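Enquirer: Just dropping this structure here.
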Amino acid sequence: MQQNTLFKLPSTVVFILLALLSLFITCGVNAQQISAKIECTSCHDPDVIPKIKAMHNSKHWDEMIKESPVNNEGCVACHGDSQTHAATPTKFQPKTSYGPRWTSTIDQQNNTCLNCHEKTATHKQWRAGKHAAQEVTCVTCHDVHVDLDPVREESTQAEVCTVCHKVQKNGIHHFKDKIEDNPKCSTCHNPHANPLPQFMMLENRSLGCRNCHDFREMQLSSEVSLKAKNYHLVMQHKDRTCVDCHLGVAHVDKDNFSKLREGGLASMLVDVFHPGQSDGDWLLEEHPGAQALRQGRNCRQCHLGEAKELGKALAPKGVIASIESKVSVKKVASAVQFTITWQGSENDTSLAIMYDNGQIDAFSKGGCWASCHGDLPDMSRDRNLEKTKYLLSSLKQQYSVGFPSVKYDQKTLDKMIASGEFVELWKVNLSKGKFANLQRFIILDERKETELGQLTASANFVNGLWTVIINKAIDDEVKPLIEGNDITFGVAIHLNGKSGAEHKVSLPLTISSDGIDTDFILQ
């Protein structure tokens, strides 16, 4: 039998060879890790892109922390093996993406974070918590690609939380002049578990309240009643909190709290505002709320009560920022009746409603913005294509760098229309204070006028007040109501002969048969 030649060599040589082999293997592994990092940073250059540089300065890139991503394949540790993205970066997303352009599933994102963070005491209850139940992702609140994560900083935490928690925007007790003295939200609320204040307040002995209220001073104060002083003695016990008695007092706003919670109405005041050049592409890619939209929320869930402020931010000087309209919805015989009134002038040119019966997910989230894109005339990315409104679902391939958009063939588009995969647009044209005519369009790959069918409308102008009424048959052949589906619609008003991007629009409005979690009830 032939002996292995290795064993014929002197022991010293064998030792050197084994050492070199070990070094080669080690270097090979390190080379793979380094290669992965170089492959990402060849495009995502930390010297050019501040967010990448910030990551390299963070704990996630701290080589002294054994569990940090930098010691576990770098970018790949969080974004997964993304070879297809590396090969064609403008077309394919990383294996796990956190937005803003692409978004992986909620579970895929959160599981990546929880692989490490679920081991810590602060995050171990996340899956059973309220934010998880509402399908919030870690990156909805956290940004790891910045030097200081805003939600973890005392001075900026409330700015992040109040994007959703509107009532709390004016601070504790709504004393606006004391907002800077407010404790951070996480003093009283645990965002990673049950956010009810009792839990955190038991741990820290009602620290949030004691930030302003001193029990000793209250016991000595002549302004505090003897009854209150006796009640306050209970706080000597460690199993008591201030909110045992003062439940809900911290964020009550007598003027706005009930208004922000109302729903299931027959009519409501709706601010329609100047939208500027905001479009559906921007909302889903660059807008700070892009990920929330892609995950199922709609515009009003973040911007409830902010339409006037949005108009002020977007309207050029000299252009009306917003107007107040009254919108009413009710069932009349076998039709849904929409009534819209507003103070205007006889020169106002049209009132339009865009409508869907719950079939178009993008419209349920973004309302009219689902059909408005940057490549339309006078918009931010107008390429002189002279397009009309369209839905992204009509595209087989969306536009990206080096890859032009491609529409589905006409046969596929016809099938989509036949199955109701489009939204409707109703336009009531006005002329010199009178009703002119009604137009009906369907929007998929373009805005296409269709027959009125069972759709009717009227309009009148009296003492500076426009009243427009539109009736749509419940069993309408074009887009009938679907039992169990919520209706989403948006309102647009063209003032003083203005058109295009200068019209005023509403955030998405919703209707259901029971009024639960919708703006209007149909009855």
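The values are calculated or read from the model by the stated rules, or taken from the named source; none is laboratory data. Computed from a predicted model, the values in this text were never measured in an experiment. All Cβ positions, even for glycine, are placed from backbone atoms using ideal geometry, and neighbour counts span all protein chains on display.
Enquirer: Can we say T96 is among the hydroxyl-bearing types (S, T, Y), in a loop (DSSP other than H, G, I, E, B) and either closer than 30 Å to H189 by Cβ or out of contact with any Lys or Arg (no Cβ under 9 Å at 6 or more places or on another chain) (or both)?
Expert: yes
Enquirer: Let me ask something additional. Can we say W342 is at pLDDT below 95 and either surrounded by 19 or more Cβ atoms within 10 Å (Cβ to Cβ) or charged (D, E, K, R) (or both)?
Expert: Answer is no for this residue.
Enquirer: Examine segment 399-417 for a residue that is under 30 Å from W466 (Cα atoms) and at pLDDT 95 or above, and state whether such a residue exists.
Expert: The answer is no, given that none of the residues of segment 399-417 is under 30 Å from W466 (Cα atoms) and at pLDDT 95 or above.
Enquirer: Here is a follow-up. Please give the number of the condition T388 fails out of (1) under 27 Å from D517 (Cβ atoms); (2) within 27 Å of the chain's Cα centre (by Cα); (3) not small (G, A, S).
Expert: (1)
Enquirer: Using beta carbons and a limit of 6 Å, which pairs, at least six apart or on different chains, have the first residue in segment 188-215 and small (G, A, S) and the second one surrounded by 20 or more Cβ atoms within 10 Å (Cβ to Cβ) and in a loop (DSSP other than H, G, I, E, B)?
Expert: S206/T241; G208/C188
Enquirer: Could you tell me whether any residue of segment 163-177 is of a type in the set (D, E), in contact (Cβ under 8 Å) with a residue 12 or more places away in the chain and farther than 18 Å from E118 by Cβ?
Expert: no
Each row is one residue, and each column tells you yes or no for (1) in contact with a Pro (Cβ under 7 Å, 6 or more places away or on another chain); (2) modelled with pLDDT of 90 or more.
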site: V136; (1), (2): no, no
site: P150; (1), (2): no, yes
site: N170; (1), (2): no, no
site: N182; (1), (2): no, yes
site: C188; (1), (2): yes, yes
site: A193; (1), (2): no, yes
site: L196; (1), (2): no, no
site: M200; (1), (2): no, yes
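Enquirer: For segment 83-93, how many residues are surrounded by 15 or more Cβ atoms within 10 Å (Cβ to Cβ) and assigned to a helix (DSSP H, G or I)?
Expert: 2
Enquirer: Restricting to segment 99-138, and then to whatever is in contact (Cβ under 8 Å) with a residue 40 or more places away in the chain and not in a loop (DSSP other than H, G, I, E, B), can you tell me which residue is nearest to G289 (Cα to Cα)?
Expert: Checking each candidate, the answer is T103.
Enquirer: Let me spell it out: the conditions are (1) surrounded by fewer than 20 Cβ atoms within 10 Å (Cβ to Cβ); (2) small (G, A, S); (3) within 24 Å of D271 (Cβ to Cβ); (4) at pLDDT below 95, and S328 meets all of them except one. Which number is the exception?
Expert: Only one criterion is unmet by S328, namely (4).
Yes/no matrix, rows are residues, columns are (1) surrounded by 12 or more Cβ atoms within 10 Å (Cβ to Cβ); (2) not charged (D, E, K, R); (3) not in a loop (DSSP other than H, G, I, E, B):
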residue	(1), (2), (3)
N190	yes, yes, no
C212	yes, yes, no
S222	no, yes, no
K227	no, no, yes
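Enquirer: I need the helices (runs of 4 or more DSSP H) fully contained in segment 1-82, keeping only those with at least 1 residues that are modelled with pLDDT under 90.
Expert: Because the criterion is at least 1 residues that are modelled with pLDDT under 90, the helices (runs of 4 or more DSSP H) in segment 1-82 that meet it are 11-41, 50-56.
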